[in-house]
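J.: After the structure tokens below, expect a handful of questions from me.
The values are calculated or read from the model by the stated rules, or taken from the named source; none is laboratory data. Quick caveat: nothing in here was measured; it's all calculated off a predicted structure. All Cβ positions, glycine included, derive from the backbone under ideal geometry; neighbour counts span all protein chains shown.
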């Protein structure tokens, strides 16, 4: 899928937002893009890569996974080490495939894989790599779907210590 670069108006809007906080577009050198491997995340990653191309910035793509645990009043069921290893390996392969598919864009790309609660790990990685901007896709779920699934993007926006751009998935 061919991704259009951010329109001039989008870049000006970003510039105004950053300017309000004492930042300039030229200050953006490292962009963090979390992914859950959905179309929405792919769209956000392609948008961030287009922005990085214009600014000469690098992009770090990250994914966070959780090992399933089911709690009950009398105990808990925890994934076996074999299942945990399979989840980690599948996550690493998907992350590598996502990054490799975009190598030809000419943007410096690296990746980070973390185990933990997604929004917490996104903030931790943003701090660890000293990200200047976090670009995250949002599914725009409402109602019961949002109540059951939660919103990683919303939690990141509420708790982040860095500028955030949310990119809504194409519906």
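J.: Report, ordered by the first and then the second residue, all pairs with beta carbons closer than 9 Å, sequence separation of six or more or different chains, a first member in region 30-46 that is touching a residue at least 60 places away in the same chain (Cβ under 8 Å) and on the phi > 0 side of the Ramachandran plot, and a second member that is buried (at least 17 other Cβ atoms within 10 Å of the Cβ) and assigned to a strand (DSSP E or B).
T.: Cβ pairs passing all conditions: 37/63.
J.: Then there's this: Select from region 68-80 the residues that are assigned to a strand (DSSP E or B) and within 25 Å of the chain's Cα centre (by Cα) and list them in ascending order. If you could, list the steps in order and put the result at the bottom.
T.: Step one: of region 68-80, the residues assigned to a strand (DSSP E or B) are 69-72, 75-78.
Of everything in region 68-80, just one residue is assigned to a strand (DSSP E or B) and within 25 Å of the chain's Cα centre (by Cα), namely 69.
J.: Kindly evaluate residue 83 against the criterion of being part of a helix (DSSP H, G or I) and more than 16 Å from the chain's Cα centre (by Cα).
T.: Working: part of a helix (DSSP H, G or I): yes; more than 16 Å from the chain's Cα centre (by Cα): yes.
Criteria met by residue 83.
J.: Among the listed residues 95, 32, identify the single one that is modelled with pLDDT of 80 or more, crowded, with 16+ Cβ neighbours inside 10 Å and in a helix (DSSP H, G or I). Please lay out each step first, then the result.
T.: On the way: 32 fails: in a helix (DSSP H, G or I).
Exactly one residue qualifies, and that residue is 95.
J.: Continuing with this model, one more query. So how many residues does region 37-52 have that are surrounded by fewer than 17 Cβ atoms within 10 Å (Cβ to Cβ) and either modelled with pLDDT of 95 or more or part of a loop (DSSP other than H, G, I, E, B) (or both)?
T.: In the first step, residues of region 37-52 are kept if they are surrounded by fewer than 17 Cβ atoms within 10 Å (Cβ to Cβ); the result is 37-39.
Checking the rest, the ones that are also either modelled with pLDDT of 95 or more or part of a loop (DSSP other than H, G, I, E, B) (or both) come to 37-38.
So the count comes out to 2.
J.: With the condition kept exactly as written, say whether any residue in region 105-117 is under 15 Å from the mean Cα position of the chain (by Cα), closer than 19 Å to residue 53 by Cα, modelled with pLDDT of 95 or more and exposed (fewer than 15 other Cβ atoms within 10 Å of the Cβ).
T.: Residues of region 105-117 under 15 Å from the mean Cα position of the chain (by Cα): 109-117.
Restricting the remaining residues to those that are closer than 19 Å to residue 53 by Cα gives 109-111.
Okay, now just the ones that are also modelled with pLDDT of 95 or more, so 109-111.
Now narrow it down to the ones that are exposed (fewer than 15 other Cβ atoms within 10 Å of the Cβ): 110.
For region 105-117, residues under 15 Å from the mean Cα position of the chain (by Cα), closer than 19 Å to residue 53 by Cα, modelled with pLDDT of 95 or more and exposed (fewer than 15 other Cβ atoms within 10 Å of the Cβ): present.
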